[in-house]
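> Before I ask anything, here is the structure I am working with.
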Amino acid sequence: MKALLLLAAGMLVAAPAWTQNRVIPQAGLKSGFEFLSPDLKKMQLDDFANPGTLWVDRGEKLWRAEAGAAKKSCADCHGDARASMKGVAARYPQVDRHSGDLMTLEARILQSRVERQKAVPFARESEDLLALSAYVAYQSRGMAMEADIEGAARKHFDAGEAMFFRRRGQLNLNCAHCHDANWGRTLYAERISQGQPNAYPAYRLEWQTLGSLERRLRACLSGVRAEILPFGSPEYADLALYLSWRAKGLPIETPGVRR
Ligand code: HEC
Ligand code: HEC
């Protein structure tokens with residue numbers, strides 16, 4: 001708490017460029033990976049040591065498993081994920097051209113599950129949904145994030161951007177206070193990164209399990225004692241779109257490993 005207050009106090013004095021919108025560290029983009037200890041970097045890079053591999057493997061089994069009243073597997077419609085899902089995660093969140101809703105990758109998988117497989121939806125943060133989203137995102141590992149923010153996506157981007165810069169919680173901090181103005185500094189023994197979304201779903205040691213980007217965002221929100229919205233809230237999708245745009249060019253790392 002003390003560290004956080006000091007951080008907040010320091011921010012009142014300085015009023016640099018990050019108080020304005022659209023000041024983005026484009027040139028110095030850094031994945032959270034670069035802020036990890038050497039041990040955790042090694043763990044992420046070695047598929048045998050990376051605990052996230054378990055979810056990717058589970059996702060591959062689910063991909064081939066028949067489900068729901070339609071008695072179809074993901075593979076029945078989409079074929080080999082290594083080809084059909086390659087690059088997909090890199091362009092999410094994406095607007096659904098039928099409904100106009102902004103969909104995260106998880107939402108898109110749930111849509112196929114319910115509308116195409118005619119199956120009961122997976123719960124948010126369930127092992128099965130995490131496994132499938134890790135498996136799908138894994139097909140884009142190493143590819144650059146490239147979310148589209150034009151056209152129908154624009155209003156979602158604007159809402160996400162406004163969220164990023166909105167002060168909140170008892171400490172009245174916004175995302176930029178930590179992730180634009182103070183990355184590289186230490187807070188509670190953690191090095192603050194730029195808050196990039198390219199590792200998710202990621203295995204977090206503190207969770208002892210894999211978790212979605214939304215779960216990480218909720219941790220940040222509760223860190224500043226701000227309101228937490230239910231999983232799957234459209235506000236989180238808007239924020240995720242802004243983060244994807246801000247991360248444009250960073251490689252997808254799924255399954256990432258984080259502290
Ligand atoms: C009080 C400081 C603070 C605030 C405010 C804050 N975060 Fe964070 N955030 C952290 C810390 C600490 C971590 C864990 C270490 C790291 O990766 O930065 C983190 C991690 C993250 C990560 C994961 C990065 C990775 O590579 O795993 C994302 C994404 C993120 N934050 C986004 C946000 C967003 C969006 C907001 C605003 C809603 C926000 N944060 C507000 C401190 C903060
Ligand atoms: C009966 C056929 C069918 C099944 C079974 C099915 N899908 Fe789909 N899926 C589709 C169709 C059709 C679309 C395109 C929807 C659209 O664009 O409106 C789609 C879209 C997607 C997308 C978005 C692709 C992109 O390029 O944006 C993902 C991801 C996806 N499905 C994952 C899955 C997963 C995971 C499963 C298994 C749990 C699954 N689907 C099962 C038919 C299916």
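> From a point 7 Å beyond the Cα of R97 in the direction of its Cβ, which residues of region 128-148 have a backbone N at a distance under 20 Å?
146-148
> Another question about this same structure. Roughly what angle does helix 53-64 make with the longest principal axis of the chain, taking Cα atoms, 0 to 90 degrees, to the nearest 10?
40 degrees
> Step by step: find N for the chain, compute 2.2 N^0.38 Å, then divide the Cα radius of gyration by it. What's the final number?
After normalising by residue count via 2.2 N^0.38 Å, the value is 1.01.
> Shifting gears a bit: Note the count of lysine pairs whose C-alpha atoms are less than 22 angstrom apart in the chain, limited to pairs 8 or more residues apart or on different chains.
Final tally of qualifying lysine pairs is 13.
> Helix 213-223 versus the longest principal axis of the chain: what angle, 0 to 90°, nearest 10, using Cα atoms?
On a 0 to 90 degree scale, this one is about 30.
> Then there's this: Between R166 and D80, what is the FRET efficiency for a Förster distance of 45 Å, r being their Cβ-Cβ separation, to the nearest 0.05?
0.60
> Tell me the angle of helix 2-13 to the major Cα principal axis of the chain, expressed in degrees between 0 and 90 and rounded to the nearest ten.
70 degrees
> Would you compute, from DSSP H runs of 4+ residues alone, the mean residue ellipticity of the chain at 222 nm, taking -39500 (n - 2.57) per run and dividing by the full residue count, rounded to the nearest 500?
-11000 deg cm²/dmol
> If you don't mind, another one. Which trypsin sites (Lys or Arg not before Pro) in region 169-219 pass both tests, a DSSP loop state and at most 16 other beta-carbon atoms within 10 Å?
R185
> Under a plain spin-label model, where a point goes 7 Å from the Cα along Cα-to-Cβ, how far apart in nm are V120 and S73?
Simple spin-label model gives 2.2 nm for this pair.
> Right, next: Counting other beta carbons within 10 Å of each Cβ, put H177, H98, H78, H156 in order, fewest first.
So the residues, fewest neighbours to most, are H98, H78, H177, H156.
> Taking the number of other C-beta atoms within 10 Å as the exposure measure, put R258, R91 in order starting with the fewest.
R91, R258
All of the numbers you see were taken from the coordinates with simple rules; none came from a lab. Model, not experiment: these values are computed from the prediction. Every residue, glycine among them, receives a Cβ derived from its backbone with ideal geometry; neighbour counts consider all protein chains shown.
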